[in-house]
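Have a look at the structure below before the remarks.
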Amino acid sequence: MDFIWLIVATAVAVTLSIIFYTLKLGIGPVPTAQPVRHGVAALLDSAPGLDRKPETVLELGSGWGGMLLWLACRYPQACIIGYERSLIPWFVTLLRIRFSRLSHRVRVERKDFMQAKLPAAGLIYCYLYRDGMRQLADKFEKAPATDSWLISSTFALPGFTPAAEQRCGDLYRTPVYAYRLAS
Ligand SMILES: C[S@@+](CC[C@H](N)C(=O)[O-])C[C@H]1O[C@@H](n2cnc3c(N)ncnc32)[C@H](O)[C@@H]1O
């Protein structure tokens, strides 16, 4: 009986934590859907001038870590860094990295990427929300990323013109944008 209560209490705490961070950050840990991943892959293959071998890849808001590991498989030579504030998704990602045998070049930081000083990266991926993209645009305007590409799923980066765009094969024909960020 005590064991059942322990499970119930854990499930409640996990749910409350996810709700808390969803409200605080303005978005929940919704993963990039499979058809959108295909769209991202098509864009990465086709965007003219996009560096095919970035040394560092960032994911801003890495959720449960699925896309982070996908990026790690796609760029086997790169160092992959995810940023995730929400406690439970961050912890799950930590475990996924540990058990993926990719921990020598993939890591997840429990930081607010809006506040963090981001390292130089050839490629940045994000799937955020409208207001988050506005804040990100402010961040890039104040401290422009040098020689970097931003791939954004679903939402455009206000004030920036995409170098390429892809419509995905899902029900919503989700757009994915590629931006060249250079100071
Ligand atoms: C829609 S999910 C996308 C998850 C993952 N990128 C994917 O595509 O599968 C957005 C994630 O960004 C995280 N997030 C939002 N704002 C953040 C911030 N300022 N710092 C760190 N993480 C943030 C949220 O907690 C959430 O997990």
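Pull out a ≥ b ≥ c, the square roots of the eigenvalues of the alpha-carbon gyration tensor of segment 105-167, then state rounded if a/c is under 1.5, prolate if not and a/b is larger than b/c, and oblate in the remaining case.
Note, shape of segment 105-167 comes out rounded.
Measuring from centroid to centroid over Cα atoms, what is the spacing of segment 6-81 and segment 147-162 in Å?
Cα centroid to Cα centroid, the span is 16 Å.
Rounded to a whole number of µm²/s, how large is the Stokes-Einstein D of the chain at 25 °C and 0.890 mPa s, given Rh as the Kirkwood radius over C-alpha pairs?
144 µm²/s
In segment 125-143, whose amide N lies under 18 Å from the spot 7 Å out along Cα-to-Cβ of Glu165? List them in ranges.
126-131, 133-134, 137
How do Thr154, Thr161, Thr22, Thr93 rank when sorted from fewest to most other Cβ atoms within 10 Å of their own Cβ?
Thr161, Thr22, Thr154, Thr93
Eight or more residues apart or on different chains, and alpha-carbon atoms under 22 Å: count the Lys pairs in the chain matching that.
For the chain, qualifying lysine pairs total 7.
If the viscosity is 1.002 mPa s and the temperature 20 °C, what translational diffusion coefficient in µm²/s does Stokes-Einstein give for segment 80-123 when Rh comes from Kirkwood over Cα pairs?
Reported coefficient: 193 µm²/s.
Please tell me the relative contact order of the chain in percent, rounded to the nearest whole number, where contacts are Cα pairs under 8 Å and at least six residues apart.
It rounds to 22 percent for the chain.
Quick one: which of 60-66, 84-90, 35-41 comes out on top by average Cβ neighbours within 10 Å, and what's the full order, highest first?
60-66, 84-90, 35-41
Quick one: if the Förster radius is 25 Å, what FRET efficiency do Met114 and Ala33 give, using the C-beta to C-beta distance and rounding to 0.05?
The value I calculate is 0.55.
Read-outs throughout are calculated quantities, based only on the coordinates presented, and are distinct from any laboratory measurement. Just so it is clear, the model here is predicted, and its values are computed rather than measured. In this analysis, Cβ positions are derived from the backbone assuming ideal geometry, glycine residues included, and neighbour counts consider all displayed protein chains.
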